[in-house]
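Beneath this line is the structure, given in structure tokens, with notes to follow.
We did not get these values from a lab; they are worked out from the coordinates using the rules stated. Just so you know, these numbers come straight off a predicted model, no measurement behind them. Virtual Cβ from ideal backbone geometry, glycine too; neighbours counted across all protein chains shown.
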Amino acid sequence: MSDPCCEAESPIRVVLAKLGLDGHDRGLKVVARTLRDAGMEVIYLGLRQSTDSIVAACEQEDADVIGLSMHNAGHLTLVPRMVQAVDQAGLDVPVVIGGIVPAHDVPTLIEFGAAAVIGPGASAEEVVSAVEAAVARPTAAR
Amino acid sequence: MSPNHIGELFEAALGGNRRALGKLLTMVEKQGSSAAMVSERAHRDAGQARVVGVTGAPGTGKSTITGQLAGASGASRPAILAIDPSSPLTGGAILGDRIRMDNHVGCGAFIRSMATRGHAGGLAVAVPDAVRVLDAAGCDPIIVETVGVGQVEVSIAAAADTTVVVVTPGWGDAVQANKAGLLEVADVFVVNKADRPDARGARRDLELMLDLGHRSRWRAPIVLTTATKAEGIDDLWAEIERHTAYLHDSGELIRRRGRRRRDEVADRIELELRDRVHQIVQGEPGEAALGRVDRNEISPAAAAELLLAALKPHNPPEG
Amino acid sequence: MVESLSGIPLDSFYGDELRPGEYPYTRGLYSTGYRSKLWTMRMFAGFGTATDTNGRFHALLRAGGTGLSTAFDMPTLMGRDSDHEWAIGEVGRAGVAVDTLADMEDLFAGIELDKVTTSMTINGPAAICMAMYIAVAEKSGVGRGDLGGTIQNDILKEYQAQKEYIFPPRPSVRLVTDLIRFTAAEMPRWHPVSISGYHIREAGSTAAQELAFTLANGFAYVEAAVAAGLDVDDFAPRLSFFFNAHSDFFEEIGKYRAARRIWATWMKNRYGATNPKSLMCRFHTQTAGVSLTAQQPENNIARVAIQALSAVLGGTQSLHTDSYDEALALPTEKAARIALRTQQIVAHETGAASVVDPLGGAPFVEWMTDEMERRAGEIFDHIDQLGHGSMLEGVYAGIEDGYFVGEIADAAYRFEREVNAGRRIIVGVNEFTEGDDEEANLLSIGHDTEELQLKRLAKVRNDRDGDAVNTALAALSTAAEQPDVNLMPPIIDAVRTYATEGEIVAALETVFGTYIETAVV
């Protein structure tokens, strides 16, 4: 097919998930819709995922970015594990963290390899631009 | 993307590298210039895998069944294509089927979620290409799951060797299934949520409809499942295998696949033509012709006749 | 004689048309309101090992308290042992870790369980924790009939909102019903279910949805217990509710008033209850954690105070007030104290407790009450239709087809968009944002608890009689296969062998299966 209209960038594909036992998914769902409404394709894994299941989804779905939601203060344990799992799989996929993360932990998470940390109360624009910045391209506009 | 690189990706995918397979699927999904090369390369090795379509109304438990089927097949490399609609307004999509498919013990499938990306016609091309890539990468069976609400979604699931239609107890579903043309495409019926009291009633309704409309040598069997408990899935897989055997023995497989390829070629031409029509109408000759229509100099029919000439190569239309 | 701050004598209520303490209880369950008994200031807290929490329980009892409230950690709430792969980083973090009877023995060591009431906030494995509590009591010579307290045990809202489920809905409701039957027969002082809208609201629902979904779940439990052979008046007096106190003051008050009226009329008319106690909607309230902001956290003190006042004016039986720093981390001791003081100020300084239903009769409040009832009625109609005339089947159907989670997700998204577009102002978040530069002093928890708990669990596993454990678990699986057998006795037998919570869950999972939710986003 040589049609130039089809050569356009395709939508950013985001894998959204929560690690571990925490069941708070309100924020994750709001982010899923926000990203969809910004034209992205959201592969929604939801609750109780493992680093392995997230990595497997990223490979099979050829995802551009991982969005991880945190709530129960497990971020200092879970974020480095996620980043490590992505690295070990040889994937070049940035990890964006959202949810309840105290401001003083943000530099630590960035040091651990998180591409961005989106705090509680972030606006839709902030969420979308953090994801776009992590992928380093805007999603295909329609 | 160079042909060499694509060849390497295929080598890796055939060896079980999920990342490589994921990348190849992205190329055909974009339907850009590398898609043609990937499709070409895949077509050489394709044709081995059984292709099963699964469709049904929302909330029938299709995704759970699809995941369990992959496990029940006992195959070493099953694959699933889960297709969901994109938002017509924003082009974005939420693809949430993996959760139901992946969490079941023994699934182990390669799962790829695909969004319709706004142009339903494109899907008619992208899905056969994706199936071809999975096939060439050694996946088998390949299960294509769609929501059976629109004609396009149904026809995608119907473009399989065996099409499974999932309904749940209750009249509403049966009527909806009928409306969407689901009943005609079914090779195997599933009444899911068979633990509900009215499941037998649903089966009776389906039997009745089959009695009324039954024509071919194959009468679609009806399997009762309770996907939440993984009950009836082995029976379902057995019926799919029985249908596979029927397809082989009757020669129907060759006819079906031939028809599928013919449809795909027609779809590709149609898509290409549609794009070109779009370009012509939006382009300079179109503007000129439409201007004449606006000034009441020619009729819309005459303008169309004039512009049609542009579709013929080396024969530019006169404005 | 109760007087106002300036010495004006006050009656216990005003208005003659509809009185508090009379059916349908819109204006309150009792004519004397908080004059005879203030609401219970129940502060839910706790983290660490069972021994840590036991120390706090003793301190509380020495200070004259009689009610113990137990928060469990995430692995315990999810029915997983502390050494499960998912448990890492969560053990003892948001509550106490309970793996075996040994932990429950530590938790209540030295406490006379017939002299206190205990509240246990747990759902999926509620039957197991209840069994452990009974086993601990009976080991210390206290009969199960003398135990008083509440266990949340509300599994339906887990599928709708909080997501701490283990088994699929139907076998889970069987466990709830088994506990209702068991307590109705043997534990007259125990409240076997606290039907909770709190988490539904926190997940993003509207006030009317919180009201309707919660009461619908209540009706579902009533139908399940009646189907199991109980008379409605045998158990309905021991049902209680748990609502959220959100920020829209009058909407919340209308919600509580409507809840009492709807429950009374449905219990009387649809379920044929005759005992007045079966008609009374008793409820606990907690202020809305989701309304707390991470920006300018001290502003949350004002939010909590106003929410608490709405719960009191709405006639709550007990109240938990959130700490201002909870949007950031677990509460510090100081923040928790301010939260309790807020309740005490409402109780003793504002006069809100002097007169029953002081806002009753105000046109807007009565209209809002009616409007809440009307909107809830529309939702009940839908659920009833889904269930072909059964609320229980309707709730199951709504869980299976994603109705509840879909409605909640829609409402949550609508709210976020309104905030985002500035159509709704959240002070300190999208308006009046200057001054958010101070870093609050936050609580952090170390990893020692996890290590201690893992050692404890390993020791219990090593010391117990393995054959007895296996026999008890096999007997439990067999019982689970028979729908009419009450599972409480075999679960009590199993916990007595020091089988772990995770092992008991696994024995049930082999029969019941594991629930996986449909992604409704």
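Numbers below:
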quantity	calculated
The range C:369-423: trypsin sites (Lys or Arg not before Pro) in DSSP coil with no more than 10 other Cβ atoms inside 10 Å	C:Arg423
Separation of the C:Ala227 and A:Asp92 label points, Cα + 7 Å toward Cβ, nm	5.6 nm
J(HN,Hα) series, the range B:229-245, from Karplus relation 6.51 cos²θ - 1.76 cosθ + 1.60, nearest Hz, glycine and proline x	10, 6, 8, x, 6, 4, 4, 4, 4, 4, 5, 5, 5, 4, 5, 4, 4
Equivalent ellipsoid dimensions for the range A:72-142 as semi-axes, Å, which come from the Cα gyration tensor, largest first	21, 18, 8
All-pairs alpha carbon distance profile, the range B:176-319, 10 Å steps from 0, percent	9, 23, 19, 13, 14, 16, 5
Inter-probe distance in nm under a simple model that places probes 7 Å from Cα toward Cβ, at A:His104 and C:Glu186	5.0 nm
As computed over the range B:55-154, the Cα convex hull volume per residue (Å³)	87 Å³
Volume in Å³ per residue [convex hull over Cα atoms, computed for chain C]	155 Å³
Principal-axis tilt of helix A:75-88 within chain A, Cα atoms, nearest 10 degrees	40 degrees
Residues whose placed amide H lies under 5 Å from that of B:Asp140, excluding near-sequence neighbours	B:Arg77, B:Ala79
Extended-chain gain in nm, criterion 0.36 nm per residue less alpha-carbon gap, C:Arg56 and C:Lys334	98.5 nm
Gyration tensor over alpha-carbon atoms, the range C:36-181, equivalent ellipsoid semi-axes in Å	24, 18, 16
Cα gyration tensor shape of the range B:46-249, rounded if a/c is under 1.5, else prolate or oblate by comparing a/b with b/c	rounded
Stokes-Einstein D in µm²/s, Kirkwood radius over Cα pairs - the range B:240-291 at 4 °C with 1.567 mPa s viscosity	93 µm²/s
Exposure proxy ranking, count of Cβ atoms within 10 Å, fewest first, for B:Arg261, A:Arg36	B:Arg261, A:Arg36
Ranked C:Val511, A:Val95, criterion: other C-beta atoms within 10 Å, fewest first	C:Val511, A:Val95
Amide proton proximity set for B:Ala160, modelled H, under 5 Å, gap of 5+	none
Between 0 and 90°, nearest 10: helix B:120-136 axis offset from chain B longest Cα axis	60 degrees
Ratio of the Cα radius of gyration of the range C:210-328 to 2.2 N^0.38 Å, where N counts its residues	1.22
Amide hydrogen neighbours beyond the local backbone of C:Arg282, cut-off 5 Å, H modeled	C:Phe241
Rounded FRET efficiency, nearest 0.05, which uses the C-beta distance separating B:Ser76 from C:Lys455 and R0 of 45 Å	0.60
Inter-label distance for B:Asn17 and C:Glu85, nm, one decimal - labels placed 7 Å from Cα along Cα-to-Cβ	2.6 nm
Whole-number percent relative contact order across the range B:46-249, with pairs defined as alpha carbons under 8 Å at least 6 apart	26 percent
Helix B:284-294 vs. chain B, principal-axis angle (Cα, 0 to 90°, nearest 10)	80 degrees
Overall form of the range A:11-135 per C-alpha gyration tensor (a/c, 1.5; a/b vs b/c)	rounded
Phi-based couplings in Hz for the range C:105-113 (Karplus 6.51, -1.76, 1.60; Gly and Pro marked x)	4, 5, 4, 10, 4, x, 10, 7, 6
With at most 11 other Cβ atoms within 10 Å, longest stretch of chain B clear of loop GluC sites (Glu not before Pro) (DSSP)	B:1-296
B:Ser73, B:Ser33 arranged by Cβ crowding within 10 Å, fewest neighbours leading	B:Ser33, B:Ser73
Rounded to whole Hz, the Karplus (6.51, -1.76, 1.60) HN-Hα couplings of the range C:128-138, x for glycine and proline	6, 5, 4, 4, 5, 4, 4, 5, 4, 4, 5
Which listed pairs, of C:Lys37/C:Lys115; A:Lys18/C:Lys163; A:Lys18/C:Lys334; A:Lys29/C:Lys255; A:Lys29/B:Lys30; B:Lys62/B:Lys229, have C-alpha distances above 21 Å, in listed order	A:Lys18/C:Lys334; A:Lys29/C:Lys255; A:Lys29/B:Lys30
Fully extended contour minus Cα-Cα distance, from B:Arg292 to B:Trp218, at 0.36 nm per residue	21.0 nm
The range C:136-195 versus the range C:491-505: alpha-carbon centroid distance in Å	16 Å
Extension gain from C:Gln344 to C:His388, taking 0.36 nm per residue of separation minus the Cα-Cα distance	11.1 nm
Alpha-carbon centroid distance for the pair the range B:9-24 / the range B:184-234, whole angstrom	37 Å
Value of [θ]222 nm, deg cm²/dmol, for the protein assembly as shown, DSSP H segments ≥ 4, -39500 (n - 2.57) each, nearest 500	-15500 deg cm²/dmol
Largest-first principal axis extents, alpha carbons of the protein assembly as shown, Å	103, 70, 59
